[in-house]
Amino acid sequence: MRHRDKGIHECPSGSKYKDQVIAYSDTGYKDTRQCTECGCKASGGICYGTFSVYEDDQCTKLINMATLYSETYGCSNVAAGVAVGSKELVDLTYVPGKCEPTGGLAIGTVEKDDAEAVTWCCL
C-alpha cells in the first residue's frame, strides 16, 4: 500500500504511510552536461623544393639555386646586369604535420529537479 504526492513532502503525521521514498522520473533532472568545442592544433607540416634561376630560357645556364621551405621566408639577389631567362621549382616534397587535439572537455552537471519529484509514502 502507498500514498503518492507530486513534489517533496513529509509523510502525513499519524498516517499508516510512514516510509518516505522520493523518486524522480526521466525528466526529473536538469542536465547541463556538454563538451567544450573540439579542435585541432596543426603543427610540424612543411613543403620544400629546389628553386633554380637560369640566365637562358632553356634552364641550362644556372645563376642561383636554393632549397625553399614553406615555413621560412628569404630573398636571393641576382647579380647586377644578369637577366633571368627562366626558373624552375623541382623536387617538391610535402612532409605532413601532426594534429594535436584540443577541447572536448566535459563540463556541466546533472542535478535533481525537485519540481519534478514525487514523494511516495509506503507502509
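The values are calculated or read from the model by the stated rules, or taken from the named source; none is laboratory data. All of these numbers come straight from a predicted model, not from anything done at the bench. Cβ atoms come from the backbone with ideal geometry, glycine included; neighbour counts cover every protein chain shown.
Hey, could you check segment 21-32 for residues that are touching a residue at least 60 places away in the same chain (Cβ under 8 Å) and assigned to a loop (DSSP other than H, G, I, E, B) and say which is surrounded by the most Cβ atoms within 10 Å (Cβ to Cβ)?
Gly28
Can you tell me which of Asp26, Asp31 is closer than 30 Å to Cys121 by Cα and either at pLDDT 90 or above or in contact with a His (Cβ under 9 Å, 6 or more places away or on another chain) (or both)?
Unique residue meeting the criteria: Asp31.
Somewhere in segment 1-20, is a residue surrounded by 11 or more Cβ atoms within 10 Å (Cβ to Cβ), in contact with a Pro (Cβ under 8 Å, 6 or more places away or on another chain) and part of a strand (DSSP E or B)?
Yes: segment 1-20 contains one or more residues that are surrounded by 11 or more Cβ atoms within 10 Å (Cβ to Cβ), in contact with a Pro (Cβ under 8 Å, 6 or more places away or on another chain) and part of a strand (DSSP E or B).
Which residues, taken from segment 79-97, are touching a residue at least 40 places away in the same chain (Cβ under 8 Å) and not in a strand (DSSP E or B)?
Pro96, Gly97 - these are the residues of segment 79-97 that are touching a residue at least 40 places away in the same chain (Cβ under 8 Å) and not in a strand (DSSP E or B).
Quick check on this structure: which one of Ala117, Ala106, Ala83, Ala79 is in the same structural domain as Gly7 (by TED's automatic domain parsing) and either surrounded by fewer than 12 Cβ atoms within 10 Å (Cβ to Cβ) or modelled with pLDDT of 90 or more (or both)?
Of Ala117, Ala106, Ala83, Ala79, the one residue that is in the same structural domain as Gly7 (by TED's automatic domain parsing) and either surrounded by fewer than 12 Cβ atoms within 10 Å (Cβ to Cβ) or modelled with pLDDT of 90 or more (or both) is Ala117.
Can you tell which of Glu100, Glu111 is in contact (Cβ under 8 Å) with a residue 24 or more places away in the chain and either surrounded by 11 or more Cβ atoms within 10 Å (Cβ to Cβ) or in a loop (DSSP other than H, G, I, E, B) (or both)?
Step by step, each of Glu100, Glu111 is checked, and only Glu100 is in contact (Cβ under 8 Å) with a residue 24 or more places away in the chain and either surrounded by 11 or more Cβ atoms within 10 Å (Cβ to Cβ) or in a loop (DSSP other than H, G, I, E, B) (or both).
Filter segment 48-64 for residues that are surrounded by fewer than 13 Cβ atoms within 10 Å (Cβ to Cβ) and assigned to a strand (DSSP E or B) and give the result.
Hit for segment 48-64 is Leu62, nothing else.
Anything in segment 65-78 that is more than 34 Å from the chain's Cα centre (by Cα) and assigned to a loop (DSSP other than H, G, I, E, B)? List them, or say none.
Of everything in segment 65-78, those that are more than 34 Å from the chain's Cα centre (by Cα) and assigned to a loop (DSSP other than H, G, I, E, B) turn out to be Cys75, Ser76, Asn77, Val78.
For Thr109, state whether it is within 30 Å of Asp5 (Cβ to Cβ) and either in contact with a Gly (Cβ under 7 Å, 6 or more places away or on another chain) or of a type in the set (A, V, I, L, M, F, W, C) (or both).
no
Answer yes or no: is there a residue in segment 36-47 that is part of a loop (DSSP other than H, G, I, E, B) and modelled with pLDDT under 90.
Within segment 36-47, one or more residues are part of a loop (DSSP other than H, G, I, E, B) and modelled with pLDDT under 90.
May I ask you to list pairs of residues, at least six apart or on different chains, whose Cβ atoms are under 9 Å apart, with the first in segment 52-78 being in contact (Cβ under 8 Å) with a residue 60 or more places away in the chain and the second being exposed (fewer than 11 other Cβ atoms within 10 Å of the Cβ)?
Nothing qualifies.
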